[in-house]
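Here is the structure we will look at, set down as structure tokens.
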Amino acid sequence: MSGFFGVVGNRDVMSDVFFGIDYHSHLGTKSAGIAAYSKELGLQRKIHNINNAPFRTQFEGILERMSGNIAIGSINDSDPQPLIVCSSLGRYAIIVVGVINNANELVDYYVNECAGQLNAIAGGGVNTTELVSALINQKSSIVDGIHYAQDMIDGTALIIIMTENESIIAARDKFGRLPVHIGKNEKGYCVSFEHFAYEKLGYENNYELKPGEIVEITADNLKVLSEGNKEMRICSFLWSYYGFPTSTYEGINVEAMRYRNGEIMAENEMKSGTLPNVDCVAGVPDSGTPHAIGYSNKTHLPFARPFIKYTPTWPRSFMPANQKERNRIAKMKQIPVNELINGKELLFIDDSIVRGTQLSETVDFIYESGAKAVHMRSACPPIMFGCKFLNFSRSTGNLDLLTRKIIVELEGEEGFKYIDEYSDGSTERGKNLRKAICEKLHLASLEFQTLEGLEKAIGLPTCKLCTYCWNGKE
């Protein structure tokens, strides 16, 4: 995933942009960048790797090195950005958030059919943000270019452009899989993935873009350049995993949704008679915790925190490049509360189960700390398909997913014909899937939230939610 933040105002905006981007640190761990414009200095840009240091550390002193009354920035898990582009449409800075599944085909088209050229990056690929800008530049206006690029792209492309005309053009992706919020105060406008980022900086909520909508903001105006669509497929993982607890998307708060989700999971188990007799309910920190609170509140089973993540010296973005050391750091972050683990039966709720590697290590750690039994619940349904629209659960193939591996072990690839049955815990295949995962991860029991339960917890109509990872429906 990636996050973005931009401001255009009637005074220097670098301080707002710095803190606004910092508030998106939960959305990216690879790189971060800022682009700004002033009449005196023109277009400026700084990009830093944040694999081994947080955003604030890498951009310390940026307020002295850059200035402008308009700036945009990004935290990325993808290619470095923003990029500064010089084209027939003028000079501008651009940020793209999303996934381009047909990038290779688009590169071939642009190079061979349009006689264009793109800079090669490590591994021989191209920066996908540069590719999007190249497509935009094929048209006579930025708006037409954005429409053209989004139509050509198989995947998702949310686009933020900062122009030398001191305006920011924001385009939400066609199906609204990701949010775009606009804030306003007496000094200007801002655009942000997370609305709380600008609320903390003194901006008020002003507008939320519709799917496919394109707007332009200046210091004193917001203008709709292209109307949006009614059809929406916003990513459900924004609530169950990605979103910060204080975030609200389409009017629905993340933390409140997670409480409801845990309550619905508990209701399902109480009705089916599968509620285990445990000493306490806990969340796999941090995103699993609110789901566990909701589960605990509904069942009246005690809530506890049997282990804590130690993040002061090892924040999420600080991880060594060496895989052996990464594994060691991941284990060192987990500090047990022995009094709450030793000899206890514990029920943990995790936000999701993707490949199972990290969960397996967590379960082993809990047993090593003296647990009598570990029960696991997933706050979302079994993930059966790698995400093709964003960066969540993306992999080299569906067989990287724990559920797919188990299905192959149970009945080979023939089992993929029965994905719906494996997802449903009440069917024979569904029970076999859960039993096999329990054996592999040494769990006393395992259950997943149902798709209907997750949709109920979010509260939006099913047709407005992207549920591809669970049922393969686009």
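Odds and ends about this structure:
- Taking the range 315-412 as the region of interest, the strands (runs of 3 or more DSSP E) fully inside it that hold 3 or more residues being modelled with pLDDT under 95 are 334-336.
Residues checked against (1) surrounded by fewer than 23 Cβ atoms within 10 Å (Cβ to Cβ); (2) in contact with a strand residue (DSSP E or B) (Cβ under 7 Å, 6 or more places away or on another chain); (3) closer than 27 Å to Lys473 by Cβ:
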site: Leu359; (1), (2), (3): yes, yes, yes
site: Asp364; (1), (2), (3): yes, no, no
site: His375; (1), (2), (3): yes, yes, no
site: Ile383; (1), (2), (3): no, no, yes
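- Selection count, the range 71-110, where residues are within 13 Å of Leu131 (Cα to Cα), crowded, with 17+ Cβ neighbours inside 10 Å and aromatic (Phe, Trp, Tyr): 1
- Note on the range 413-430: residues that are in a helix (DSSP H, G or I), within 17 Å of Lys473 (Cα to Cα) and not aromatic (Phe, Trp, Tyr) total 5.
- Leading residue by the ranking (nearest to the chain's Cα centre (by Cα)) among those in the range 19-35 that are surrounded by 21 or more Cβ atoms within 10 Å (Cβ to Cβ) and not in a loop (DSSP other than H, G, I, E, B): Leu27
- Matching residues, the range 103-159, being within 15 Å of Leu89 (Cβ to Cβ) and touching a residue at least 60 places away in the same chain (Cβ under 8 Å): Val143, Ile146, His147, Ile159
The rows are residues; the columns are (1) of a type outside the set (D, E, K, R); (2) touching a Gly at 6+ places or on another chain (Cβ under 6 Å).
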{"position": "Asp16", "(1), (2)": "no, no"}
{"position": "Tyr23", "(1), (2)": "yes, no"}
{"position": "Lys30", "(1), (2)": "no, no"}
{"position": "Ala36", "(1), (2)": "yes, yes"}
{"position": "Lys39", "(1), (2)": "no, no"}
{"position": "Lys46", "(1), (2)": "no, no"}
{"position": "Asn51", "(1), (2)": "yes, no"}
{"position": "Gln58", "(1), (2)": "yes, no"}
{"position": "Ile62", "(1), (2)": "yes, no"}
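- Some residue of the range 217-226 being in the same structural domain as Asn342 (by TED's automatic domain parsing), outside any loop (DSSP other than H, G, I, E, B) and surrounded by fewer than 18 Cβ atoms within 10 Å (Cβ to Cβ): no
- Selected residue (criterion: farthest from Asn101 (Cα to Cα)) from residues of the range 134-149 that are of a type outside the set (Val, Ile, Thr) and under 27 Å from the mean Cα position of the chain (by Cα): Gly145
- Residues that are outside any helix (DSSP H, G or I) and small (Gly, Ala, Ser) within the range 145-168 comprise Gly155, Ala157, Ser167, listed in sequence order.
- Selection count where residues are at pLDDT 90 or above and out of contact with any Lys or Arg (no Cβ under 6 Å at 6 or more places or on another chain), scope the range 113-157: 27
- Considering residues of the range 36-61 that are more than 17 Å from Asp79 (Cα to Cα) and of a type in the set (Lys, Arg) only, the residue surrounded by the fewest Cβ atoms within 10 Å (Cβ to Cβ): Lys39
- Within the range 249-283, the set of residues being closer than 18 Å to His375 by Cα, in contact with a helix residue (DSSP H, G or I) (Cβ under 9 Å, 6 or more places away or on another chain) and in a loop (DSSP other than H, G, I, E, B) comprises Thr274, Leu275, Pro276, Asp279.
- Residue pairs whose Cβ atoms lie under 7 Å apart, separated by 6 or more positions or on different chains, with the first residue in the range 443-463 and in the same structural domain as Ser360 (by TED's automatic domain parsing) and the second aromatic (Phe, Trp, Tyr), are Leu451/Trp470; Ile458/Trp239.
- Val180 meets the conditions (1) assigned by TED's automatic domain parsing to the domain that holds Ile153; (2) more than 18 Å from Leu465 (Cβ to Cβ) in every case but one. The failed one is (2).
- Residues being farther than 17 Å from Gly243 by Cα and free of Cβ contacts under 8 Å to residues at least 60 places away in the same chain - total across the range 183-207: 10
- Conditions (1) out of contact with any helix residue (DSSP H, G or I) (no Cβ under 8 Å at 6 or more places or on another chain); (2) closer than 30 Å to Gly145 by Cα; (3) at pLDDT 95 or above: number failed by Ile234: (1)
The values are calculated or read from the model by the stated rules, or taken from the named source; none is laboratory data. What you are looking at is a predicted structure, and each value in this text was computed from that prediction instead of being measured. When we count neighbours, we look across all protein chains shown, and the Cβ atoms used for this are built from the backbone with ideal geometry, even at glycine.
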